[in-house]
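Following: one structure in structure tokens, then a few remarks.
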Amino acid sequence: MKRTAIYPGTFDPFTNGHLDVLERALTIFERVVVVIAENSQKSTLFDVAERQAMIETVTASLKGTSVEVLHAGLLAEYAHSKGVAAIVRGVRQVKDFEYEFQMSLLNRHLNPEVTTVFLMPNVKYTYVASSIIREVAMLGGDVSKFVHPFVLEMLQKKFEAQKPH
Ligand code: PNS
């Protein structure tokens with residue numbers, strides 16, 4: 001039976017790697033809710049409203065997807081409150097696994113009904129991470145292969161606005 005899953009993350013910004021994982025998840029689950037975690041302990045380039053707008057735009061043509069924000073509290077509790085049984089996380093390389101393994105077991109401890117499902121994006125996104133996209137874009141490098149044109153525009157506007165005049 002296909003069910004609903006949540007796909008949480010910071011998504012600062014949402015990359016083509018994230019999109020690839022989401023599309024894969026939609027082949028398994030009927031609905032996949034992208035959950036932007038506001039309290040992910042990271043200071044972000046884009047605020048929550050900007051990230052929500054970018055993900056809604058990028059995923060507009062995908063059936064079965066919506067975007068929500070986790071403003072505060074634990075993801076495990078959020079999953080419980082929504083009656084969701086699966087958390088989707090993308091794993092690009094072995095080094096991602098240690099942190100993901102720890103989070104998934106902690107989430108399971110906090111909410112035994114929830115199972116984390118790891119999905120590997122296409123190998124061409126193995127080295128794509130939001131942090132490196134931000135850095136390359138900030139320094140004027142071409143990241144058009146790794147983000148949706150709308151996200152590219154948001155990155156360009158953000159760094160343009162941050163330039164000293
Ligand atoms: O994209 P990221 O930054 O790797 O995502 C990490 C995220 C947002 C999934 C994680 O920080 C999270 O779940 N935050 C919500 C608060 C929480 O439940 N923390 C405990 C995780 S075991």
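Just by accessible area at a 1.4 angstrom probe, what is the order of 150, 14, 101 from largest to smallest?
Heavy-atom accessible area, descending, gives 101, 150, 14.
What lysines could a cross-link reach from residue 95, if we take a straight Cα to Cα line under 27 Å and drop same-chain neighbours fewer than 8 places away?
Partners found: 42, 124, 145.
Considering only protein heavy atoms and a 1.4 Å probe, what is the carbon-and-sulfur percentage of the accessible area of segment 68-160?
Details: 3480 of 5810 Å².
Carbon and sulfur together cover 60 percent of it.
If each Cα of the chain is one equal point scatterer, what is log10 of I(q)/I(0) from the Debye formula at q = 0.19 Å⁻¹?
The computed values of log10 I(q)/I(0) come out as -1.30.
Under the 0.36 nm per residue contour assumption, what length would be gained going from the current alpha-carbon distance of residue 39 and residue 97 to full extension?
18.7 nm
For the chain, report the accessible area per residue in Å² (1.4 Å probe, heavy atoms, rounded to an integer).
Details: 9440 Å² over 165 residues.
Heavy-atom accessible area per residue stands at 57 Å².
Semi-axes of the equivalent ellipsoid of segment 49-127: what are they in whole Å, largest first, if each equals the square root of 5 times a C-alpha gyration tensor eigenvalue?
22, 20, 11
Within 10 Å of each candidate Cβ there may be at most 13 other Cβ atoms; applying that plus a DSSP loop requirement, which trypsin sites (Lys or Arg not before Pro) in segment 1-71 survive?
Of the trypsin sites (Lys or Arg not before Pro), the ones in loops of segment 1-71 whose Cβ has at most 13 other Cβ atoms within 10 Å are 2, 3, 42, 63.
Stokes-Einstein D for segment 27-89 at 25 °C, 0.890 mPa s, Kirkwood Rh over Cα pairs, in µm²/s?
The calculation lands on 192 µm²/s.
The values are calculated or read from the model by the stated rules, or taken from the named source; none is laboratory data. Keep in mind that what you see is a predicted model, and the values were worked out from it rather than measured. When we count neighbours, we look across all protein chains shown, and the Cβ atoms used for this are built from the backbone with ideal geometry, even at glycine. Protein only, heavy atoms only, side chains kept; ligands, DNA and RNA dropped before computing areas. Shrake-Rupley method; radii C 1.70, N 1.55, O 1.52, S 1.80 Å.
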